[in-house]
Structure formats: structure tokens, C-alpha cells
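Novice: Sharing a structure with you now.
The values are calculated or read from the model by the stated rules, or taken from the named source; none is laboratory data. Keep in mind it's a predicted model, so treat the numbers as computed, not measured. Cβ placement follows ideal geometry from the backbone for every residue including glycine, while neighbour counts extend to all protein chains displayed.
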Amino acid sequence: MSHDDRYDGPDSPNSVGWVRAEDVRLADEDDPLRLKCGQELFPVDVEYETYGELNQAKDNVVLICHALSGDAHAAGWDSEADKRPWRKDRPGWWDGMIGPGKAYDTDEYFVICSNVLGSCYGTTGPSSVDPDTGEPYGLDFPVVTVEDWVRLERRLLDHLEIDDIHTVSGGSLGGAQAMEWALTYPEMVKNVHIVGASDKLSAQGLAFNAVSRYAIMSDPRFNEGDYYRGEHPADGLSVARRLAHITYLSDKAMEKKFGRMLKGEGPSYKIVPEFEVESYLDYQGSKFVSRFDANSYIYITKAMDYYDASSKGGGDIKEAFQDCPCRFLLVSFSTDWLYDSSQIRAMGKELMLAYKDVSYIDIPSDAGHDAFLIEIDKLGEVVKAHLQAGDIHG
Amino acid sequence: MDERWDHAVIYDLIPKGSKVLDLGCGDGSLLSSLVEEKGVVGYGVEKDWMKVLEAVAKGVRSLNLDIDDDLKDLPENSFDYVILERTLQEVRLPGEALKNALSIGKYAVVSYPNISYWRIAQSLVSQGRMPVNVAIPYSWHEPKTVHMISIRDFLDWTEGNRVEVEEGYCLVEGEVEEYHPKHTTTASEALFVLSKTD
């Protein structure tokens with residue numbers, strides 16, 4: 001299948017076309033960002049993209065939240081892809097969901113997506129220069145949380161003079177950010193779409209993230225996070241990414257895609273990677289190190305670990321979301337085992353018991369956690385149905 | 001909305017503003033009218049995700065849950081009414097489903113096809129076949145196994161489980177009648193409102 005078939009090209013009527021990121025300083029010495037960890041941070045710059053037009057009433061804003069390794073480039077084709085060459089042959093990460101006539105219809109909505117604090121795609125993070133030292137922060141960067149991301153994003157909306165969010169939506173870690181929006185600024189948010197995410201990561205999920213960080217930090221080039229002048233801990237980061245990819249696929253999808261196939265004719269009886277699944281993981285690992293910063297991976301997985309929406313209600317989801325008047329749509333995928341259906345289902349039940357406006361759908365898919373990026377047709381239908389019903393009945 | 005008799009009966013008996021849980025809500029048409037016209041706070045439970053999608057499109061709050069697996073731990077009296085409209089005969093564990101419904105709700109509203117309806121008996125005896133009709137739309141070999149519920153067996157169950165029968169209705173040759181013991185073989189379908197005995 002060629003790229004042209006898989007994606008809407010920049011000239012397609014269903015594509016938002018060529019896009020360009022914006023950068024804005026949202027915290028400085030006079031107005032630093034106070035973080036959940038207690039530290040104050042400045043300067044803070046944020047990279048974001050927008051698609052569609054803000055209407056006169058300013059009530060058509062859709063805020064899209066990205067996942068662990070995501071960025072502000074949610075849709076369309078990066079007109080400056082020379083700077084980030086991996087974007088050359090593919091559009092933004094949720095391009096199937098965002099565009100004219102798509103679920104988040106840019107003919108109707110003004111879509112905003114910003115890169116999170118601690119990342120490495122234009123928003124301030126551990127690879128940014130610490131004004132105190134003139135060197136990249138590395139591990140001196142403060143620990144950031146999903147709560148901090150939402151507070152920072154609030155500043156972005158203030159900057160854009162936006163007070164109301166029609167819909168906040170995100171998959172995986174982005175789903176956590178979406179629910180945090182509902183918790184922190186319930187009066188601003190009308191619809192919340194939480195896809196492949198629950199109120200907190202499971203113990204198993206915490207364990208995977210911990211091993212990812214061990215992998216990075218035990219790379220000799222890691223140098224306690226101070227590696228920006230020399231070689232990056234690419235081996236550690238690629239191991240972390242390989243591990244993560246196992247958690248993104250389902251057992252069934254892996255079996256179907258690779259089975260026990262070998263790359264060569266038969267076993268070589270040498271200690272070399274030779275199963276197809278190994279070379280897939282190698283490919284994913286090496287592709288990732290060319291586009292992601294190891295320290296950012298550490299910080300963002302940490303934010304993912306810390307997040308627990310239920311903690312705002314003393315462990316009780318009903319209590320936590322008590323004051324949220326929003327319409328909730330929760331979506332799980334049947335073979336997702338990182339954010340398992342049962343966790344998302346449990347959250348849906350709790351929101352029902354709090355008599356919130358909630359619907360929950362488990363989309364059948366073999367694609368595992370990755371389904372939130374793959375099952376676009378089904379997910380798009382669900383999202384469209386929820387938005388249209390909200391606009392009629394809400 | 002289809003013209004099902006039990007739809008109309010349930011619609012009439014649910015008070016305005018009640019909290020309602022509809023188990024096996026399908027495309028949400030019953031809830032949709034209850035919510036829109038009677039100000040009910042309603043939630044649907046449905047196993048088939050495509051049906052949930054239809055309900056969501058109608059603006060009905062619907063959750064993709066399994067009645068057999070996902071309703072055990074819900075707190076008592078979370079809802080005023082729990083509806084099992086022509087659902088009970090299709091769940092795996094009907095007894096559990098009824099007990100859960102009666103625990104979660106103050107009242108349970110249950111409708112089902114009556115297996116002791118004389119036409120079913122006649123078909124079995126004279127033709128040697130189970131009729132496949134509107135009330136029981138599946139053949140024996142189809143995956144949706146249907147539990148055979150007769151009015152008398154059902155009422156025995158309520159007695160044995162200390163469940164109060166508040167109201168009863170039957171569909172008798174196309175007419176809705178209040179339940180009377182004489183309907184045990186003349187009713188093609190039955191509907192009962194149940195509550196827990198204190």
C-alpha cells in the first residue's frame with residue numbers, strides 16, 4: 001500500500017493541508033509556572049498547531065491531547081518537515097480524526113493541539129537550555145505532571161483569548177490529560193472524549209514504564225541525563241521503545257503480523273536477531289531514537305505514572321468528578337492490555353453511579369493499545385455520533 | 001420507535017424524573033423517549049457496541065457492558081427502576097440478573113415471552129416444532145440461547161426469592177391486560193414490576 005492510499009495527501013479535500021506550528025512563551029520570570037512538585041519554572045515556551053477557524057462566539061474549540069511520544073502535529077502535513085524529516089512521508093498522528101468532514105470536523109471546529117511540558121517537540125523540556133547554567137536542563141528539569149500540562153494549556157487558551165472548550169479529547173496519556181481538563185476546569189469544558197485511557201495506570205503499566213527508564217538510565221552514555229554535548233543514550237532509549245511497542249500491540253496482532261517467521265531461510269544458530277518480530281522491534285527502536293529525547297521519555301513516563309484522577313476524590317472516581325457537568329465519552333479497545341478495557345469500563349460505571357452524562361464503548365479490535373491510532377473508522381463514527389447528539393440534545 | 005406493547009406500558013409506569021437503568025437497551029429508543037419526554041435520568045446497558053453507538057447517536061447515555069459480568073458490584077438502590085425489557089430470556093444467568101436488578105434498583109420491570117402460551121404448546125404438539133416468532137425470534141441452534149420462561153415458573157421464582165410482585169401485565173391476543181392467573185396460557189408475553197420485600 002502506498003502512502004497515498006493510507007493518508008489523505010496535502011491537497012486532499014479531507015486534509016487540513018500544509019500546516020505550520022506556532023511557538024509562544026507562556027511563562028517568564030515575572031509570571032513563572034508553578035508546578036505540582038512545588039518548583040517554579042521559567043521560561044516556558046509552548047509549540048502548538050491549530051486547524052480550522054475560531055468562530056465568532058468562540059464556542060467551537062476542540063482541544064486535542066497527544067500521547068507519550070506524540071507532538072502538537074496532530075493533523076495535516078508539516079510545511080517545515082525539513083527540520084523534522086520523519087514527518088515528510090506522513091501527516092499528523094491523528095490525521096484520520098481531524099480534518100474537513102472528519103470526526104473532529106475542521107469545517108465546524110477550531111482544533112488546537114499543543115506539545116506537553118517536558119517533551120522535545122518545541123515545548124520546554126529537559127533538552128531546553130536552563131537559563132541559570134546556559135546548558136540543557138537534563139535531569140535538573142523539574143518533574144512535571146499531567147496537572148501541570150493542563151495548567152500550562154490553560155495559559156495557551158488565555159493567550160488565544162479562549163474561555164470555552166467545546167470538546168477536549170485524547171488517546172492514551174492524552175486521554176488522561178483530557179480527563180484532567182474536566183477535573184481542573186469543569187466549567188470550561190462541554191465534552192470530554194477519553195480514548196484508550198483510564199483514571200490511572202495499572203501496576204503492570206507502572207512496571208513497564210519503570211523498566212523503560214531503567215533501560216535508558218543504564219545506558220553508559222546516559223551520564224545522569226547530561227549527554228547533550230556527546231552521544232545520546234540511543235541504545236537505552238531504543239530498548240525502552242521496543243518494550244513499549246510490545247505493550248502497544250496485542251498478542252493476536254503480533255501473532256498475525258509476525259508469528260514465528262524468520263528473516264532468513266532457517267535458523268542461523270548464532271546470537272543475532274533473526275525473527276521477524278525482532279527486526280520489527282529493532283526498526284521501531286532505531287526509528288524512535290532519531291526523533292525523541294531520552295530525558296523527555298523519562299519525564300513523560302513519570303507524569304504518566306503519577307497521574308491518578310481518582311486521587312482527587314480520595315480514590316473515589318465518583319467523588320473526583322462530582323462537580324463536572326461535562327458530557328463524557330469513554331472508549332476502550334477490546335485487545336488493549338496497557339489501558340485494559342476492564343479499567344475503562346470500571347471508570348464508566350463509576351461516572352454512571354455519579355449520574356454523570358457518560359457513555360462507554362468497547363470497540364472490537366485486534367490492534368491492542370495502538371488501536372486508538374489505527375481504528376480510525378470506528379472511532380471516528382463513535383466520536384461523530386457523540387458530538388452530533390450533544391449538539392442536538394445538549 | 002417500534003410499536004412494542006411493553007414499551008408503552010413501561011413508558012406509562014415510570015414516574016417523571018426517575019433514575020432508570022435499562023438493561024439490554026438496544027438502540028436506546030425506550031430511554032430516548034423517557035429522557036426526552038419524562039425527564040428521566042437514564043442509562044442503558046448494552047453488549048453490542050454497534051447498538052451502543054446507535055443509542056449514543058440518539059443522545060442516550062449508554063454503556064457497553066455485559067449484564068452477566070458487569071453488574072455484580074453496583075451499590076444497592078442506585079436507580080429507581082431497572083428495566084429488563086425482553087432481555088431476561090437472553091442473558092446467561094437470568095436468576096443472577098434478576099437479583100442484581102432488584103439490588104441496584106428499587107423496582108425491577110421485567111418483560112419476557114411466555115413459553116406456556118397455548119399457541120407455542122400447540123405448535124410443539126401438533127407440528128412438532130418450536131415456533132420462531134416475534135417474541136422468540138431464534139431457532140434452537142442459533143447462538144442466542146433463549147431461556148424458556150413461563151409466567152407460572154417466573155412467579156414461583158419471585159415467591160422463592162422473597163420478591164414482591166407489584167404489578168403485572170400480559171399481552172393476550174394483541175390486547176394488553178392486567179395480569180390474572182387465567183392468562184398463564186393465553187398470554188404470549190408478560191410484564192411484571194417487582195420489588196424487594198423488606
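Novice: What about A:Val62, is it in the same structural domain as A:Val146 (by TED's automatic domain parsing), within 22 Å of the chain's Cα centre (by Cα), modelled with pLDDT of 95 or more and surrounded by 23 or more Cβ atoms within 10 Å (Cβ to Cβ)? Steps first, please.
Specialist: Details: in the same structural domain as A:Val146 (by TED's automatic domain parsing): yes; within 22 Å of the chain's Cα centre (by Cα): yes; modelled with pLDDT of 95 or more: yes; surrounded by 23 or more Cβ atoms within 10 Å (Cβ to Cβ): yes.
Yes.
Novice: May I pose another question? Exactly one of these conditions fails for A:Thr123: (1) farther than 14 Å from A:Leu63 by Cα; (2) in a helix (DSSP H, G or I). Give me its number.
Specialist: Tallying (1) farther than 14 Å from A:Leu63 by Cα; (2) in a helix (DSSP H, G or I), A:Thr123 fails exactly one: (2).
Novice: Kindly provide the set of residues from the stretch B:156-178 that are without any contact (Cβ under 8 Å) to a residue 24 or more places away in the chain and in contact with a strand residue (DSSP E or B) (Cβ under 7 Å, 6 or more places away or on another chain), ordered by number.
Specialist: Filtering the stretch B:156-178 down to residues without any contact (Cβ under 8 Å) to a residue 24 or more places away in the chain leaves B:156, B:159-160, B:172-175, B:177-178.
The answer is B:Val172, B:Glu177, B:Glu178.
Novice: Something else about it: Sort out for me the strands (runs of 3 or more DSSP E) sitting completely within the stretch B:154-198 that have 1 or more residues that are closer than 18 Å to B:Ser103 by Cα. Give the steps one after another, and end with the answer.
Specialist: Numbers: elements: B:163-172, B:175-178, B:187-196.
Ranges flagged: B:163-172, B:187-196.
Novice: How many residues does the stretch A:370-394 hold that are among the small types (Gly, Ala, Ser), more than 10 Å from chain B (Cβ to nearest Cβ) and surrounded by fewer than 20 Cβ atoms within 10 Å (Cβ to Cβ)? Give the derivation first.
Specialist: Step one: of the stretch A:370-394, the residues among the small types (Gly, Ala, Ser) are A:371, A:380, A:385, A:389-390, A:394.
So of that shortlist, the ones also more than 10 Å from chain B (Cβ to nearest Cβ) come out as A:371, A:380.
Adding the requirement that they be surrounded by fewer than 20 Cβ atoms within 10 Å (Cβ to Cβ) leaves A:380.
Residues meeting the conditions: 1.
Novice: Moving on to the next point. Name every residue in the stretch A:276-300 that is within 26 Å of A:Val146 (Cα to Cα) and of a type in the set (D, E, K, R), in order of residue number.
Specialist: Passing the criteria: A:Arg291, A:Asp293.
Novice: Condition check: at pLDDT below 95, away from every other protein chain (no Cβ under 14 Å) and surrounded by 14 or more Cβ atoms within 10 Å (Cβ to Cβ). Does B:Ile83 satisfy that? So that I can check it myself, show each step before the final result.
Specialist: Working: at pLDDT below 95: no; away from every other protein chain (no Cβ under 14 Å): yes; surrounded by 14 or more Cβ atoms within 10 Å (Cβ to Cβ): yes.
So B:Ile83 fails the test.
Novice: Quick check: is even one residue across the stretch A:129-151 crowded, with 24+ Cβ neighbours inside 10 Å, of a type in the set (A, V, I, L, M, F, W, C) and not in a helix (DSSP H, G or I)?
Specialist: Checking the stretch A:129-151: at least one residue is crowded, with 24+ Cβ neighbours inside 10 Å, of a type in the set (A, V, I, L, M, F, W, C) and not in a helix (DSSP H, G or I).
Novice: Right, another one. Going through the stretch A:173-213 one residue at a time, which ones are in a loop (DSSP other than H, G, I, E, B) and touching an Asp or Glu at 6+ places or on another chain (Cβ under 9 Å)?
Specialist: Going through the stretch A:173-213, the residues in a loop (DSSP other than H, G, I, E, B) turn out to be A:185, A:196-199, A:201-202.
Residues satisfying the conditions are A:Gly196, A:Ser198, A:Asp199, A:Leu201, A:Ser202.
Novice: Is it true that B:Leu88 is surrounded by 19 or more Cβ atoms within 10 Å (Cβ to Cβ), more than 9 Å from every other protein chain (Cβ to nearest Cβ), within 24 Å of A:Ala385 (Cβ to Cβ) and touching a Phe, Trp or Tyr at 6+ places or on another chain (Cβ under 7 Å)?
Specialist: No; evaluated as a whole, the condition is false for this residue.
Novice: With the requirement that a residue be under 21 Å from A:Ser12 (Cα atoms), out of contact with any helix residue (DSSP H, G or I) (no Cβ under 7 Å at 6 or more places or on another chain) and not basic (Lys, Arg), what does the stretch A:73-93 give you?
Specialist: Across the stretch A:73-93, the qualifying residues are A:Ala74, A:Ala75, A:Gly76, A:Trp77, A:Ser79, A:Glu80, A:Trp86, A:Pro91, A:Gly92.
Novice: Mind checking whether some residue in the stretch B:39-46 is more than 10 Å from chain A (Cβ to nearest Cβ), surrounded by fewer than 19 Cβ atoms within 10 Å (Cβ to Cβ) and more than 21 Å from A:Ile344 (Cβ to Cβ)?
Specialist: yes
Novice: Could you list, in sequence order, all residues of the stretch A:360-369 that are touching a Phe, Trp or Tyr at 6+ places or on another chain (Cβ under 7 Å), buried (at least 20 other Cβ atoms within 10 Å of the Cβ) and within 9 Å of chain B (Cβ to nearest Cβ)?
Specialist: Once the filter is applied, which keeps residues that are touching a Phe, Trp or Tyr at 6+ places or on another chain (Cβ under 7 Å), buried (at least 20 other Cβ atoms within 10 Å of the Cβ) and within 9 Å of chain B (Cβ to nearest Cβ), the stretch A:360-369 yields A:Ile361, A:Asp362, A:Ile363.
Novice: Among the listed residues B:Ser103, B:Ser78, B:Ser116, B:Ser62, which satisfies the condition of being surrounded by 19 or more Cβ atoms within 10 Å (Cβ to Cβ), under 23 Å from B:Glu167 (Cα atoms) and polar (S, T, N, Q)? Talk me through it step by step, then tell me what you get.
Specialist: Numbers: B:Ser103 fails: surrounded by 19 or more Cβ atoms within 10 Å (Cβ to Cβ); B:Ser78 fails: surrounded by 19 or more Cβ atoms within 10 Å (Cβ to Cβ); B:Ser62 fails: under 23 Å from B:Glu167 (Cα atoms).
Sole residue among the options that is surrounded by 19 or more Cβ atoms within 10 Å (Cβ to Cβ), under 23 Å from B:Glu167 (Cα atoms) and polar (S, T, N, Q): B:Ser116.
Novice: Given the options A:Ile344, A:Ile317, name the one that is within 18 Å of B:Asp66 (Cβ to Cβ) and either aliphatic (A, V, I, L, M) or within 14 Å of chain B (Cβ to nearest Cβ) (or both). Working first, answer last.
Specialist: Working: A:Ile317 fails: within 18 Å of B:Asp66 (Cβ to Cβ).
Sole residue among the options that is within 18 Å of B:Asp66 (Cβ to Cβ) and either aliphatic (A, V, I, L, M) or within 14 Å of chain B (Cβ to nearest Cβ) (or both): A:Ile344.
Novice: Shifting gears a bit: Would you mind finding the one in B:Ser123, B:Ser150 that is farther than 19 Å from B:Leu23 by Cα, touching a Pro at 6+ places or on another chain (Cβ under 8 Å), surrounded by 14 or more Cβ atoms within 10 Å (Cβ to Cβ) and of a type in the set (Ser, Thr, Tyr)?
Specialist: Working: B:Ser150 fails: touching a Pro at 6+ places or on another chain (Cβ under 8 Å).
Of B:Ser123, B:Ser150, the one residue that is farther than 19 Å from B:Leu23 by Cα, touching a Pro at 6+ places or on another chain (Cβ under 8 Å), surrounded by 14 or more Cβ atoms within 10 Å (Cβ to Cβ) and of a type in the set (Ser, Thr, Tyr) is B:Ser123.
Novice: Kindly indicate whether A:Glu274 is more than 14 Å from chain B (Cβ to nearest Cβ), farther than 30 Å from A:Asp71 by Cβ and in contact with a Lys or Arg (Cβ under 6 Å, 6 or more places away or on another chain).
Specialist: yes
Novice: Would you mind stating whether A:Arg241 is among the charged types (D, E, K, R), under 23 Å from A:Trp337 (Cβ atoms) and not in a helix (DSSP H, G or I)? Let's see the steps before the verdict.
Specialist: Numbers: among the charged types (D, E, K, R): yes; under 23 Å from A:Trp337 (Cβ atoms): yes; not in a helix (DSSP H, G or I): no.
Considered against the rule, which asks whether it is among the charged types (D, E, K, R), under 23 Å from A:Trp337 (Cβ atoms) and not in a helix (DSSP H, G or I), A:Arg241 comes out as no.
Novice: Here is a follow-up. The conditions are (1) part of a loop (DSSP other than H, G, I, E, B); (2) touching a Cys at 6+ places or on another chain (Cβ under 6 Å), and A:Lys83 fails exactly one of them. Which is it?
Specialist: (2)
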